[in-house]
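Enquirer: Quick one: the structure is below, and I'll ask about it shortly.
The values are calculated or read from the model by the stated rules, or taken from the named source; none is laboratory data. Computed from a predicted model, the values in this text were never measured in an experiment. Note: ideal-geometry Cβ built from the backbone for every residue, glycine included; neighbour counts use all protein chains shown. Heavy atoms of the whole protein, side chains included, go into the accessibility calculation; ligands, DNA and RNA do not. Shrake-Rupley method; radii C 1.70, N 1.55, O 1.52, S 1.80 Å.
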Amino acid sequence: MTQHAQLPELSPSTDSNLFAVAVEQLDIAANVIGLDDDMRRILSHCQRELTVNFPVEMDDGSVQVFTGYRVQHNASPGPTKGGIRYHESVDLSEIKALAMWMTWKCAVVGLPFGGAKGGVTVNPKQLSGNELQNLTRRFTTDISLLIGPHKDIPAPDVNTNSQIMAWVMDTYSMHVGYAAPAVVTGKPLVLGGSEGRTEATGRGCVFVIEAAARKLDLNLADSVTVVEGFGNAGSISAELMAELGSRVVAVSDSRGGIYNPAGLDLAAVEAHKARTGSVVEFAEADNISNAELLTLPCDVLIPAAMEHQITAENAPCIKARLIAEAANGPTTPEADAILYDRGVFVLPDILANAGGVTVSYFEWVQALQAFPWTLIEVNQRLHKIMDHSFDAVYGTAERYGIHMRTAALVRAIERVAELTRLRGIYP
Ligand code: NAD
């Protein structure tokens, strides 16, 4: 499988041009299927982009104004779906790119959702619990123009969690006058959350790693895994890889990484992180930098932190055979080409981390029906969807002679273009 003929000249990527990267990726896949210019124009824009600047009263009585965004890329497939992140680096370009990727992600796994994303430019670690709740409720109020159970359904993302989703649900419910659990996913179980949602991204990622390993003849029970980012997606992926018998030798967080070539005791790492706030300084491992972590010898590398971690600089030194992108956008287009040249098999984000939105979809269905499923039902359905989606993307890659990222995009774009064409242009 080679595809370099399809790669255009790419400019160096930075966070501020993340949407340009997303559009470049769309163009690459659109070229493969000869997508017409009209459809390209439609799909390369976000349908709705809302910027909100809103005041929050802080604990000391002062008022701060925060900036947040809610972007819906394409509402043709159904209600839009996508997480809300709280991070200092959040900007409109990033949120637009993430919204577009959500459209493709939902389409890759066949969900009846379009893509959306939201975020607030804030370091939530500098806020008290009360300030975090005030910020969440006011942000929810300001984006309530767009969200709703049949319109746009937020979920957790970087630095947001089930408690924050409970506040989003409560705020929206107060506005409409009744409990509306289907307005948000990733809620606590007692509020209509789904069994298995917390683990879904990591679990889905490991399901596709297993599927890829079968194609690559890689015995996971005798493999070495490295995970960048030890938050929700990363820690669950690490634990499930360890359950399959893989030796997880390194993990990291924003403060740095830890490495023990004999394998990490992940339960002890979790406990250390709960106690100290970070994985670094774990007694039974050496501290390493995040840069060192990415180039460690291993079979499986799981980037599960932020965007643009694997770049043209470090891609030539990466030793993994298989990279599974639990994070969104961890690999720059330049790095992608280098990895591809070097024969590294990349499971792209829109496939590898689609387990999260898939179980979010299950949660939404359960909330609308007020009929909860068991954990076994959730995981079996997730497994089926991830296996089927992997096979479909792998088949597309073979059919067109392209790599997995472009294949996933091709599959997604074909689906969204077809339904957009069938719906036609209103009026
Ligand atoms: P999280 O906040 O739970 O965890 C993020 C982790 O990354 C933290 O441990 C943080 O310290 C670490 N980190 C931040 N910067 C880092 C750096 N430079 N180097 C190493 N580690 C760093 O977030 P999450 O929900 O696990 O999300 C992680 C990634 O997965 C994001 O890209 C997110 O968009 C993606 N994702 C998450 C879900 C989900 O359901 N949680 C679903 C799909 C995609």
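Enquirer: So ALA211 fits all but one of (1) open to solvent by 10 Å² or more (accessible area, probe 1.4 Å); (2) more than 16 Å from the ligand (Cβ to nearest atom); what number is the exception?
Expert: (1)
Enquirer: Residue pairs, Cβ under 6 Å, 6 or more apart or interchain, first in the range 67-86 and under 12 Å from ILE153 (Cβ atoms), second more than 16 Å from the ligand (Cβ to nearest atom) and open to solvent by 20 Å² or more (accessible area, probe 1.4 Å). List them.
Expert: The qualifying pairs are ARG70/LEU50; ARG70/LEU146; GLN72/GLN47; GLN72/ARG48; ALA75/GLN47; GLY78/PRO112; PRO79/HIS150; PRO79/LYS151.
Enquirer: Name the one entry in ALA354, ALA305 that is within 30 Å of ILE376 (Cα to Cα), within 14 Å of the ligand (Cβ to nearest atom), small (Gly, Ala, Ser) and crowded, with 24+ Cβ neighbours inside 10 Å. Talk me through it step by step, then tell me what you get.
Expert: Numbers: ALA305 fails: crowded, with 24+ Cβ neighbours inside 10 Å.
After applying the criteria, what remains is ALA354.
Enquirer: Restricting to the range 187-216, name every residue that is closer than 23 Å to LEU301 by Cβ and of a type in the set (Lys, Arg).
Expert: Correct list: ARG203, ARG214, LYS215.
Enquirer: Separate question: Across the range 86-100, which residue is nearest to the ligand (Cβ to nearest atom) among those that are open to solvent by 10 Å² or more (accessible area, probe 1.4 Å) and of a type outside the set (Ser, Thr, Tyr)? It would help to see each step written out before you state the result.
Expert: The initial filter retains those residues of the range 86-100 that are open to solvent by 10 Å² or more (accessible area, probe 1.4 Å), namely 87-89, 91-93, 96.
From what is left, the residues that are of a type outside the set (Ser, Thr, Tyr) are 87-88, 91-92, 96.
Values: HIS87: 9, GLU88: 11, ASP91: 15, LEU92: 16, LYS96: 14 Å.
The selected residue is HIS87.
Enquirer: Just to verify a result, which residue in the range 226-257, among those that are of a type in the set (A, V, I, L, M, F, W, C) and near the ligand (Cβ under 9 Å from one of its atoms), is nearest to ALA320 (Cα to Cα)?
Expert: Let us first name the residues in the range 226-257 that are of a type in the set (A, V, I, L, M, F, W, C), namely 226-227, 230, 233, 236, 238, 240-242, 244, 248-251.
Then drop every residue that is not near the ligand (Cβ under 9 Å from one of its atoms), which leaves 230, 233, 236, 251.
Values: PHE230: 18, ALA233: 19, ILE236: 19, VAL251: 14 Å.
Filtering the range 226-257 for residues that are of a type in the set (A, V, I, L, M, F, W, C) and near the ligand (Cβ under 9 Å from one of its atoms), the one nearest to ALA320 (Cα to Cα) comes out as VAL251.
One line per residue, one yes/no per condition, for (1) of a type in the set (Ser, Thr, Tyr); (2) crowded, with 24+ Cβ neighbours inside 10 Å; (3) under 23 Å from LYS105 (Cα atoms):
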residue	(1), (2), (3)
PRO149	no, no, yes
ASP152	no, yes, yes
ASN161	no, no, yes
ASP170	no, no, no
SER173	yes, no, no
LEU191	no, no, no
SER194	yes, yes, yes
THR198	yes, no, yes
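Enquirer: Here's another thing I want to ask about it. Which of the residues that make up the range 266-285 are open to solvent by 80 Å² or more (accessible area, probe 1.4 Å) and either away from the ligand (no atom under 14 Å from the Cβ) or outside the structural domain of ASN232 (by TED's automatic domain parsing) (or both)? Walk me through it before giving the result.
Expert: Pass one, the range 266-285, residues open to solvent by 80 Å² or more (accessible area, probe 1.4 Å): 274-275, 281, 283-284.
Passing the criteria: ARG275, GLU281, ALA283, GLU284.
Enquirer: In addition: Determine which single condition VAL344 fails, assuming it passes every other condition in (1) buried (at least 22 other Cβ atoms within 10 Å of the Cβ); (2) at pLDDT 95 or above.
Expert: The one condition VAL344 does not meet is (1).
Enquirer: Hey, which of the helices (runs of 4 or more DSSP H) in the range 282-380, taking only ones fully inside, have at least 3 residues that are touching a Lys or Arg at 6+ places or on another chain (Cβ under 7 Å)? Reasoning before the result, please.
Expert: Working: elements: 290-294, 333-341, 349-352, 354-369.
Passing ranges, in order: 354-369.
Enquirer: Report every pair of residues separated by at least 6 positions or lying on different chains whose Cβ atoms are under 6 Å apart, first residue within the range 304-318 and outside the structural domain of TRP101 (by TED's automatic domain parsing) and within 21 Å of CYS205 (Cα to Cα), second surrounded by fewer than 19 Cβ atoms within 10 Å (Cβ to Cβ) and of a type in the set (Ser, Thr, Tyr).
Expert: ILE318/THR295
Enquirer: Still on this structure: Might you let me know whether the range 207-225 holds any residue that is closer than 21 Å to GLU243 by Cβ, of a type in the set (S, T, N, Q) and in contact (Cβ under 8 Å) with a residue 60 or more places away in the chain?
Expert: yes
Enquirer: May I pose another question? So SER223 clears everything in (1) near the ligand (Cβ under 8 Å from one of its atoms); (2) touching a strand residue (DSSP E or B) at 6+ places or on another chain (Cβ under 9 Å); (3) under 20 Å from ILE310 (Cβ atoms) except one condition, right? Which one?
Expert: Answer for SER223: the failing condition is (1).
Enquirer: I'd like the full set of residues that are over 18 Å from ALA182 (Cα atoms) and open to solvent by less than 30 Å² (accessible area, probe 1.4 Å), limited to the range 128-138. Outline the logic, then answer.
Expert: The initial filter retains those residues of the range 128-138 that are over 18 Å from ALA182 (Cα atoms), namely 128-135, 138.
Answer for the range 128-138, where residues must be over 18 Å from ALA182 (Cα atoms) and open to solvent by less than 30 Å² (accessible area, probe 1.4 Å): GLU131, LEU135.
Enquirer: Picking from LEU296, LEU322, which residue would you name as being in the same structural domain as PRO348 (by TED's automatic domain parsing) and either over 21 Å from the mean Cα position of the chain (by Cα) or at pLDDT below 95 (or both)? Write out each step before concluding.
Expert: Numbers: LEU322 fails: either over 21 Å from the mean Cα position of the chain (by Cα) or at pLDDT below 95 (or both).
Only one candidate qualifies: LEU296.
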